[in-house]
1. How high is the relative contact order of the chain? Use alpha-carbon pairs under 8 Å, at least six apart in sequence, and give a whole percent.
2. What FRET efficiency would be calculated for the residue pair Thr23, Thr103, taking the C-beta separation as r and a Förster radius of 35 Å, to the nearest 0.05?
3. Stokes-Einstein D for region 99-167 at 4 °C, 1.567 mPa s, Kirkwood Rh over Cα pairs, in µm²/s?
4. Suppose a student asked you for the relative contact order of region 99-167, using Cα pairs under 8 Å spaced at least 6 residues apart; what percent would you report?
5. Sorted from largest down, give the three principal axis spans of the alpha carbons of region 43-141, whole angstrom values.
6. How are the C-alpha pair distances of region 1-73 spread across 10 Å bins, as whole percents from the shortest bin up?
7. In whole angstrom, how far apart do the alpha carbon centroids of region 6-53 and region 99-167 sit?
8. Relative to the compact globular guide of 2.2 N^0.38 Å, what is the alpha carbon radius of gyration of the chain, as a ratio?
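What follows is calculated from the coordinates using simple rules that are stated; it is not laboratory data. Every value quoted in this text rests on a predicted model; they were computed, and no experiment measured them. Reconstructed Cβ throughout: ideal geometry from the backbone, glycine too, with neighbour counts over all protein chains shown.
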Amino acid sequence: MDHHEKKDVLLAEAVALRERGRTEEARERLVALAARHPDDAPVAYQTAWAHDVLGREAEAVPYYERALAGTGLGPEDRRGALLGLGSTYRVLGRREEAVALLTGAVEEFPRDGSLRAFLAMALYNTGRHHESVRLLLRLLAATSEDPSVRTYRRAIEHYAEDLDATG
């Protein structure tokens, strides 16, 4: 087994441990793997996630940043890393960074509602309440399966553009 194959096996084993609830063991293995492969974006992403699920957000940040700076993440993992880092910035009080990162993520993945929801939270935290509510109303109008919301979808979309309008 060559160096690359061994890394992939170790990564898969660590992810399997996390998925089975052995999160601290997975985190320790991933930290060691990330130290040996500092430029490997998928390893960095999984290491970030392992810290995040343990509530160790501050420790997750450099791994998320490394994952996003590197190459080799597929679109789904890239989207997950953007959401994870944006959410982590917000939780840590790095709100403007969260808004900037999540704004770019929404542009990159315009169909992803979860990114828009997290951007709305970050906008709220920076005092941009109108933008936050507008984004949430648009998301609600676009994605709700609630029949009453669907009935009023056009009105919701209209008022989302100018919340101060009454007519």
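1. 12 percent
2. 0.70
3. For the chosen part, D equals 104 µm²/s.
4. Rounded, it is 23 percent for region 99-167.
5. 37, 26, 20
6. 23, 56, 20, 1
7. 34 Å
8. The reported ratio for this selection is 1.24.
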